[in-house]
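The values are calculated or read from the model by the stated rules, or taken from the named source; none is laboratory data. The structure presented is a predicted model; accordingly, all values stated were derived computationally and were not measured. No Cβ is skipped: glycine too gets one built from the backbone with ideal geometry, and neighbour counts run over all protein chains shown. Keep in mind that these areas ignore ligands, DNA and RNA; they rest on the heavy atoms of the full protein, side chains included. Shrake-Rupley method; radii C 1.70, N 1.55, O 1.52, S 1.80 Å.
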Amino acid sequence: MKSPVPDYLEHVLKRYAPDHSGEVKDAYRNAPECDPDQLAIAITTVEGATYCAGDADNHFPIESMSKPFTYGLALEDSGEDAVHRKIGVEPSGDAFNEISLEPSTGRPFNAMINAGAIAAHALVSGADCDERTARIRQHYSQLAGRELSFDESEHNVAHRNLAIGHMLRTVDVLEEEPAEVVRGYTWQCAFSVTTRDLSLMAATFANGGLQPISGDRLLSRATVRQVLSVMLTCGMYDAAGDWMSAVGIPAKSGIAGGIIGVLPGQLGIAVYSPRVDSRGNSVRGVELFEHLSRDMELHLMETPPIGRSVFRASGVRGTALCYQLQGAVRFAGIEAVVREVEQREQEDLAIIFDFVRVTGFSDVARRLTFELVRRLVTDDHASIVLVDPDGVLGTPEDGAERWPTVVDSLERADALIGQ
């Protein structure tokens, strides 16, 4: 059986593919790998399962999406107190490259704007630019689960960032030669990544600092909490308020057209579309996140706490495989169910889905459950029984041929399977 999750993501991409508004920034317009029509999405769960759609393996420079990862590394290397003496945590309300400091402290407002990101880069361990850049490269590669390289075409030191560097030096936020720090920061923004890479890097944040594939602890939980807090309030620059209202998850955009988002305890999400709006955020990327937030109920003010696994139990019951679910089933929960069913070894056994203790399904979880059942019946020719006394799942609106029998108890399912 093929998982329905990639097909769901393809369906979402097709909805927004016709939107050609926005502009590719001049720095990327003539890059050989930049096609304005590229569109991609990747989702990685905290268990390490990745689902992609579109151009998810095409490369592009990480740009400002590097900021939360380097901020986290600076917190690990220099400690929270030392970092906070140099960098604030308040939203600036300004564009990403604004030349400004907090009036009362002389610090950059936060680590998500260029001034704060340059300061954070200088707080990563290393005796000089080359050592810091090597440390950052190692960390990013561990996050992505593969060795990352630089996009050489993206390495050019912007005069505005040099001006910011000199400003930071005058107030002692930088304690070394500004040109060297800015050179390293520019290299930091030039790492070549894919949408797939970014979803895994974001999933490490979602997983509390544990890389989902390797299981290595790359960041402490305290560091992750701090980074995500600043991402939530500052990650989308002067669009942060709109983002919080419409999407409601910690996120960071990049001028090349990427956006990463983190749903703590559940998912890392990355999207890519090169055309950006006046604020430097990917037009279709924002649309994709808004759609996913609504459809998958990702908004932090809406998603209930994940107090326990959606699985109550799973295993062989008589002559059937029985999957017992519980609580409010949302995308992350049903994805785990789909993955376990997809990887089952006893494909000759009937299947019972027990929804007795399920309190409800989100819209996307319901649709994916419908599609899971359809594929088991039509592709795997499996015998299915649904235990749903309260009708929490319901039936597909478009009708379904050979829809499984629905019963009100496991005992009735056992009797039906035994016939």
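Observations
- With θ taken as phi - 60° and the Karplus curve 6.51 cos²θ - 1.76 cosθ + 1.60 applied, the whole-hertz 3J(HN,Hα) list for segment 267-274 is 9, x, 10, 9, 10, 8, 7, x Hz, x standing for glycine and proline.
- Close amide H partners of Gly208, meaning residues 5 or more places away or on another chain with modelled amide H under 5 Å apart, are Gly265.
- Chain lengthening between Asp295 and Ala158 when straightened (0.36 nm per residue, less Cα-Cα): 45.4 nm
- Residue-wise HN-Hα couplings along segment 321-333, as the Karplus relation 6.51 cos²θ - 1.76 cosθ + 1.60 with θ = phi - 60° gives them from phi, are 8, 10, 10, 9, 10, 8, x, 8, 8, 10, 4, 4, x Hz; Gly and Pro carry x.
- In a DSSP loop and with at most 13 other Cβ atoms within 10 Å, the GluC sites (Glu not before Pro) in segment 165-219 are Glu175, Glu176.
- Taking the helices alone, the chain has a mean residue ellipticity at 222 nm of -12000 deg cm²/dmol, built from -39,500 (n - 2.57) per DSSP H run of at least 4 residues and averaged over all its residues.
- Under 23 Å of direct C-alpha separation, and excluding same-chain neighbours fewer than eight residues apart, Lys25 reaches these lysines: Lys67, Lys252.
- Choice from Asp130, Asp277, Asp81 showing the highest fluctuation, given a GNM over the chain with Cα pairs closer than 10 Å: Asp81
- Linear extension gain, Glu47 paired with Ala222, 0.36 nm per residue minus alpha-carbon span: 61.0 nm
- Once the chain from Ala134 to Asp348 is taken as fully extended at 0.36 nm per residue, the excess over their C-alpha distance is 71.8 nm.
- Within the chain, DSSP assigns beta bridges of which about 65% are antiparallel (rounded to the nearest 5).
- Fraction of accessible area attributable to carbon and sulfur, the chain (%, probe 1.4 Å): 47
- Among Ala270, Ala74, Ala203, residue whose mean-square fluctuation peaks in a GNM of the chain (springs only between Cα atoms under 10 Å): Ala74
- Calculated accessible area for the chain comes out at 40 Å² per residue, all protein chains present (probe 1.4 Å; ligands, DNA, RNA ignored).
- With respect to the chain, whose longest principal axis is taken over its alpha-carbon atoms, helix 283-296 is tilted by about 40°.
- Built amide H within the under 5 Å cut-off of Leu148, gap 5+: Ser141
- Applying a DSSP loop filter and a limit of 13 other Cβ atoms within 10 Å to the trypsin sites (Lys or Arg not before Pro) in segment 339-419 leaves Arg402.
- Net +/- balance of residues flanking Thr44 in space, Cβ distance below 13 Å, scoring K and R +1, D and E -1: -1
- For segment 15-24, Karplus couplings with θ = phi - 60° (6.51, -1.76, 1.60), whole Hz, Gly/Pro x: 5, 9, 4, x, 6, 10, 6, x, 9, 6
- Förster radius 22 Å - calculated FRET efficiency between Ser278 and His166, Cβ distance, rounded to 0.05: 0.20
- Once mean projected area of the Cα convex hull in nm² is calculated for the structure shown, the corresponding label among (1) 31.0; (2) 20.5; (3) 28.9 turns out to be (2).
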